[in-house]
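Worksheet for the structure shown next.
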Amino acid sequence: MLIAASPVPLTFPGGRDLIGILPELVLGGAFLLLMLLDLVIPASRRSWLAGFALLGIAATFGVTIWAWFDANPGRLVYSGSFAYDRFALFVDAILLVSAGLVVMISPNYLNRRGIHYGEYYALILAATLGMMLLAGATSLMVIFLAIELLSLALYVLSGFSRHEERSQEAALKYLLLGGFASGFLLFGMALIYGETGHTQLAQIAAAIQGQTTLTVDPLLLAGVLLLFIGFAFKISAAPFHSWTPDVYQGAPTSVTTFMSVTTKVAAFAALVRVFTYTFDGGGTHFYQHWEPVVALVAITSMVVGNIAALTQTSVKRMLAYSGIAQAGYILIGVAVGPVLLPSGQTSSFGTIGVLYYLAAYAVTNIGAFAVITIMAGRGEDLDSYDGLRGLAHRRPFVAASMALFLFSLGGFPPTAGFFGKFLVFTAAINAGQVPLALWGIATSAVSAFYYLRVGLLMYQRPAEGAEEYRWSRTGFSGSAVLVATTAGTLILGVMIVLVYTAATASLKGLIV
Amino acid sequence: MIGPDDLWWVLLIKCGVLVVFLLTAFAYLTLAERKISARIQLRYGPNRVGPFGMLQPAADGLKLFFKENVAPAERDKILYLVGPSLAGGAALLAYAVIPWGTNNWFGHVFHWDIAHVNVGLLFILGVTSLGVYSLFLGGFASNSKYSLLGGLRSSAQLISYEMAVSFALIGVVILSGSLDLEHIVGSQQGLWFIVLQPLAFILYFTAAFAETNRLPFDLPEAETELIAGYHTEYSAMRFGLYFLGEYINMVTVCSIATALFLGGWLPLLPFHPFDWIPGPIWFLGKVLVLLFVMIWVRWTLPRLRYDRLMNFGWKVLMPLGLINIVVTGAVVALRA
Amino acid sequence: MTVLFAVVIALAAVSSLGVVFSRQTIYSALSLVLTVSMLAVLFLLLNAQFLFAVQLIIYAGAVMVLFVFIVALLSPDAEDRPALDLRAVIGITGVVVVTALVFIAARNGITYSTNGFHGTVVGTASDPYHTFNFPQDAVNNAGNVQTVAGQLFTNYLLPFEITSMLLLVAAIGAVYLTRRSSR
């Protein structure tokens, strides 16, 4: 009776909608179950929770694989708020693998730091859930809520070592600046909604069709740019990066491992869906209005990140600045947008570059941070460059894999990072944005310096009389993670076809 | 169509009547409180001013008006005055949407309330939730330890118990399918909600004691430990306003309980001779019964310790409220 | 009605300035209470009674009470700064100018093009405020709460459920960070 009185016809979500969020449902269920399990599992057996979290992630991964074949063609579910398509599932897979690897290295690290609580795994799962929702979000509301979900979990996680001042400081900084960024995001969304009257991306895209190259609605453009600023905070692109080094350094290293990779992956997925595929304006070249800004931010990130990384003496901070620079490289792929080829078709080369880069960055960066996490001594983080000095003589395999990760981050062949960079630079040149590619190549050359510096440190003998750093044992799960990430870095660097094909397929399936 | 409710002078008269009614209710509630407490404690109570002490409230009022206004020198000058004004104001405002009944006169429907808001229940919750500022500001602005403690306690307590109140009310909303108070009363035709929602009624009425700062939940003023808490530093009519707000709040919560659980203006049994008595009289009668219970409880039960009070609110009332919502929702969904 | 609007908007603006310029934290917080209450009244004037009540209950009645509670508990000293300095003046001017620009742009749909500024009408004559599917009369007939609920549990079900997840995570985080002793 009440429903019939509604001014607009209502459509009730059904089973097809539920299938569309099946991976998210499984992960959400694992999250809730984990909280309950935490009640009954004794404190000395908390590692079981890690096992359960891993199980949940694996189950979700399995469902994601199944969904990859099911979602062909994809569809929009929940009245156009969420996309059940291969693009989202591809990103989900990266996210789940990353989360799984992080969960594997966590128990030992948390035990050493004395902060092994069940909430850790619950929050990791919740953050991953938020990221998966962000990857598939096709409504401004879902985008905002997903970002808040993942951010809230990460705020708490970065303050997880709650008796340590540095960790608290990191949490507070992240919270305040993150809240500030959410303000930009919301303001942008409000303007976009106000101008187009819709929160669903599909309808926004349709509304933008009315805009042309010559005339543009200033409020709509302001909304789009504010939205971009909100995203830029999350991917820590300069000049919105100021929180990154402090938060990455202060947060427990396993958390840094997690958020340095997954936040970027999820936010870039949303960025691609919203900017490259919604705000492109179809045939109307609306993207020409925001493209210069994105390119500018990309260049700033590459320059600021790489220059600042040169002067660091803490591994975590160096990797934080390196992450800022990497965000700049990935942004190139967004800035070139969908290129209109002379044949009349659009080339999505830049977006494929983004996806490839994200996958490469995920395995590489997790590997690099995993080394720091695994080697961290009792009660303290392996933070300074001195801590790494001489690692190669005592732990040759760990040092070798770390060197590989650093090579990959620097973009040397035959590692994953090389093809990531190669693809985005090529896309820029294809799109006629040669300066963008040149900036990228120049800054890459600069970056080689500090990556190699850390690499060389590991192969130096410790200075005479210097106190030797007490590294921790690698452990079974730690070795497994290192093996997996090393293999991933090499495979993505040699057999480019694997991920390239998957990325292309996922882009074909992308729906807005 | 313009009904009598829409005429500005009708509205004005209604407002006037309501204010006079509430002030009278306040005055005689204080007398009732003293008389009943006296009976409970085997005393006589006030019996000197007028027959049976009936003029006692007038004497008290005069006294409050003519007493000297003593205020701490180090007070926050603005907030010190805002506190008591809010106390009176919020209490009066909430009463605007309480429905006392409807009448059909000369083909026009006449509502016995000031404003007919279709989210009346939420309106009341919203306005009463502002009431906490009066207590809090009074406690903060007085610049006294006791007052500050009282103010802090009041905010913690009111927020906690507001949860319980809201949760208790949701059951009623599910059953009636409306937030419109008149509609809620109307849907109790035949069976009052106290029969269908006994748990919700108990929860609401328990939390109502906390909302009105009455024993056993009068921690914000607890005279034995906080020397009257947030209004320690108030005297004369400024204190009088707090006093007024508190008693009008009593009337308000009892009126809400009447409208939501006791069938509002509906007669006890839906046939003659019960329905010869007009609706507003029924309403008044039910409110009086509840008021008596409130006074009765105050003079019979001891005060809870502060931590127990919070525990009770969060660990007993709120889970019970949740259970009530789930059960009610499930039953309604299954029967639909 | 228009007068009422003007008064409420003016109060909201003044009180939001109070949030920024009060030197005592408690006055800032209380100004914010007034601001959110005035926003609630704006909702009421726009015929969104449900939003009005929810805004009042949640923001003025719960969130801000906790703010004020914390402020009083810590009772920070008054800030030692002038209420108005050059930066503040510049800030206010900027805010006023931007607000005016946004308002004008929103109202007239000004667009720029290569041959200068020109106006286009946003919305249609029958629907100037972009209310789209929810014209006022239809909503009032169906009931404010019913319309919101109908939308919330059908078209916006997913955001609604994500919100519940969000609150759960927030609760877990708050409990973890404030728990007194480690187990």
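The values are calculated or read from the model by the stated rules, or taken from the named source; none is laboratory data. Keep in mind the model is a prediction, meaning the values are calculated, not measured. Cβ atoms come from the backbone with ideal geometry, glycine included; neighbour counts cover every protein chain shown.
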Inset, instruction - Answer with yes or no whether B:Phe217 is hydrophobic (A, V, I, L, M, F, W, C), modelled with pLDDT under 80 and within 18 Å of the chain's Cα centre (by Cα). - result: yes
Inset, instruction - May I ask you to verify whether B:Leu130 is away from chain C (no Cβ under 11 Å) and either on the phi < 0 side of the Ramachandran plot or not acidic (Asp, Glu) (or both)? - result: no
Inset, instruction - Taking the options C:Leu51, C:Leu32, C:Leu44, name whichever one is away from every other protein chain (no Cβ under 11 Å), more than 18 Å from B:Ala156 (Cα to Cα) and not in a loop (DSSP other than H, G, I, E, B). - result: C:Leu32
Inset, instruction - Give the residue, chosen from C:Leu39, C:Leu101, C:Leu86, C:Leu74, that is crowded, with 18+ Cβ neighbours inside 10 Å and either assigned by TED's automatic domain parsing to the domain that holds C:Gly143 or not β-branched (Val, Ile, Thr) (or both). - result: C:Leu39
Inset, instruction - Working carefully through the options C:Thr114, C:Thr147, C:Thr131, C:Thr154, find the one that is modelled with pLDDT under 80 and in contact with a Leu (Cβ under 6 Å, 6 or more places away or on another chain). - result: C:Thr114
Inset, instruction - List the number of the failed condition for A:Thr257; all other conditions in (1) modelled with pLDDT under 90; (2) touching a helix residue (DSSP H, G or I) at 6+ places or on another chain (Cβ under 6 Å) hold. - result: (1)
Legend entry - Cβ-Cβ under 8 Å pairs, at least 6 apart or on other chains, the stretch B:264-283 side more than 11 Å from B:Trp192 (Cα to Cα), far side exposed (fewer than 11 other Cβ atoms within 10 Å of the Cβ): B:Pro270/B:Gln189; B:Pro270/B:Gly190
Inset, instruction - Might you let me know whether the stretch A:347-368 holds any residue that is modelled with pLDDT under 80 and at positive phi? - result: no
Inset, instruction - Answer yes or no: is there a residue in the stretch B:18-25 that is of a type in the set (A, V, I, L, M, F, W, C) and modelled with pLDDT under 80. - result: no
Inset, instruction - Could you list, in sequence order, all residues of the stretch A:111-150 that are in contact with a Ser or Thr (Cβ under 7 Å, 6 or more places away or on another chain), more than 7 Å from chain C (Cβ to nearest Cβ), assigned to a helix (DSSP H, G or I) and surrounded by fewer than 24 Cβ atoms within 10 Å (Cβ to Cβ)? - result: A:Arg112, A:Arg113
Inset, instruction - Only residues that are surrounded by 20 or more Cβ atoms within 10 Å (Cβ to Cβ), of a type in the set (A, V, I, L, M, F, W, C) and within 8 Å of chain A (Cβ to nearest Cβ): list them for the stretch C:143-166, please. - result: C:Leu158, C:Ile162, C:Met165, C:Leu166
Legend entry - Tally of residues being assigned to a loop (DSSP other than H, G, I, E, B) and away from chain C (no Cβ under 14 Å) across the stretch B:167-203: 7
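Listed residues A:Leu39, A:Leu32, A:Leu89; which is more than 10 Å from chain C (Cβ to nearest Cβ), within 23 Å of C:Leu168 (Cα to Cα) and hydrophobic (A, V, I, L, M, F, W, C)? Lay out the reasoning, then the answer.
Working: A:Leu32 fails: more than 10 Å from chain C (Cβ to nearest Cβ); A:Leu89 fails: within 23 Å of C:Leu168 (Cα to Cα).
Exactly one residue qualifies, and that residue is A:Leu39.
Please state which one of B:Ala96, B:Ala59, B:Ala32, B:Ala38 is within 14 Å of chain C (Cβ to nearest Cβ) and among the aliphatic types (A, V, I, L, M).
Numbers: B:Ala59 fails: within 14 Å of chain C (Cβ to nearest Cβ); B:Ala32 fails: within 14 Å of chain C (Cβ to nearest Cβ); B:Ala38 fails: within 14 Å of chain C (Cβ to nearest Cβ).
Result of the check over B:Ala96, B:Ala59, B:Ala32, B:Ala38: B:Ala96.
If the requirement is being farther than 22 Å from B:Tyr28 by Cα, surrounded by fewer than 23 Cβ atoms within 10 Å (Cβ to Cβ) and not acidic (Asp, Glu), which of these qualifies: B:Trp276, B:Trp282? Can you show your working first?
Values: B:Trp282 fails: farther than 22 Å from B:Tyr28 by Cα.
The match here is B:Trp276.
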Inset, instruction - Please work out which residue is surrounded by the most Cβ atoms within 10 Å (Cβ to Cβ), limiting yourself to the stretch B:100-112 and to residues that are in contact with a Ser or Thr (Cβ under 9 Å, 6 or more places away or on another chain) and not aromatic (Phe, Trp, Tyr). - result: B:His111
Inset, instruction - Report yes if some residue within the stretch A:49-59 is more than 20 Å from A:Met141 (Cα to Cα), within 14 Å of another protein chain (Cβ to nearest Cβ) and not charged (D, E, K, R); otherwise report no. - result: yes
Legend entry - Any hit, the stretch A:214-221, residues being out of contact with any Asp or Glu (no Cβ under 7 Å at 6 or more places or on another chain), at the interface with chain C (Cβ under 10 Å from one of its Cβ atoms) and assigned to a helix (DSSP H, G or I): yes
Inset, instruction - Inspect the stretch B:204-212 for any residue being within 14 Å of another protein chain (Cβ to nearest Cβ), assigned to a helix (DSSP H, G or I) and crowded, with 21+ Cβ neighbours inside 10 Å and give the result as yes or no. - result: yes
